[in-house]
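Comments concern the structure below.
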Amino acid sequence: MSLNYDLTKVEDKDWIWIPITEVYGPDSYHVKNDPEGKVMNPRMEALIFATMSTDIGRITEANYEEFYQRYLIWHRCVLGETNPYLKLEDVKKGIGLSTNVHTATMAAFKKDVWKRVENIVNQQIRELN
């Protein structure tokens, strides 16, 4: 299934769409062909994809902290990262983002994370044998 998203309710359009020169170097093919162009902020793109790992399909004023909490849990427990790319400020700027990801309860999210960690550990054990 494709990941569909809607950015129309995200307030800061200048944060979503940034000058192409902020992403690509001055000698880049993209900049040379469209020096005044805009591209999606890589942090916005990361937020869109993070809706899948957090199991939260919409970022709202009421849930942006829980979204970030789940994002940190996922990165720490499943990916083993202690310094993830997105910051709480990025999630707050993404309020209004909606995707076709089904929002799961916190209990369901925790169960899924535990299952994934368990699978990783079991794979590591198998590799030791």
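The values are calculated or read from the model by the stated rules, or taken from the named source; none is laboratory data. Keep in mind the model is a prediction, meaning the values are calculated, not measured. Glycine also receives a Cβ, built like all others from the backbone with ideal geometry; neighbour counts cover every protein chain displayed.
Kindly provide the set of residues from region 98-118 that are surrounded by fewer than 16 Cβ atoms within 10 Å (Cβ to Cβ) and within 20 Å of residue 79 (Cα to Cα), ordered by number.
106, 107, 108, 110, 111, 112, 114, 115, 116, 117, 118
If you go through region 1-20 one residue at a time, how many are among the β-branched types (Val, Ile, Thr), assigned to a loop (DSSP other than H, G, I, E, B) and either surrounded by 13 or more Cβ atoms within 10 Å (Cβ to Cβ) or modelled with pLDDT under 95 (or both)?
Total satisfying the criteria: 1.
Please work out if residue 103 is touching a Ser or Thr at 6+ places or on another chain (Cβ under 6 Å), closer than 22 Å to residue 10 by Cβ and of a type outside the set (A, V, I, L, M).
Criteria not met by residue 103.
Of all residues in region 24-66, which are modelled with pLDDT of 95 or more, of a type in the set (Asp, Glu), surrounded by fewer than 19 Cβ atoms within 10 Å (Cβ to Cβ) and farther than 22 Å from residue 14 by Cβ?
If the condition is that a residue be modelled with pLDDT of 95 or more, of a type in the set (Asp, Glu), surrounded by fewer than 19 Cβ atoms within 10 Å (Cβ to Cβ) and farther than 22 Å from residue 14 by Cβ, then 65, 66 are the ones that fit.
Report, ordered by the first and then the second residue, all pairs with beta carbons closer than 8 Å, sequence separation of six or more or different chains, a first member in region 8-22 that is among the polar types (S, T, N, Q), and a second member that is assigned to a helix (DSSP H, G or I) and surrounded by 14 or more Cβ atoms within 10 Å (Cβ to Cβ).
21/31
Return the only residue of 65, 89, 36 being over 30 Å from residue 117 (Cα atoms), more than 11 Å from the chain's Cα centre (by Cα) and not aromatic (Phe, Trp, Tyr).
Answer to the selection: 36.
Within region 21-129, which helices (runs of 4 or more DSSP H) (wholly inside it) include 3 or more residues that are among the polar types (S, T, N, Q)?
Filter on region 21-129 gives 42-54, 106-128.
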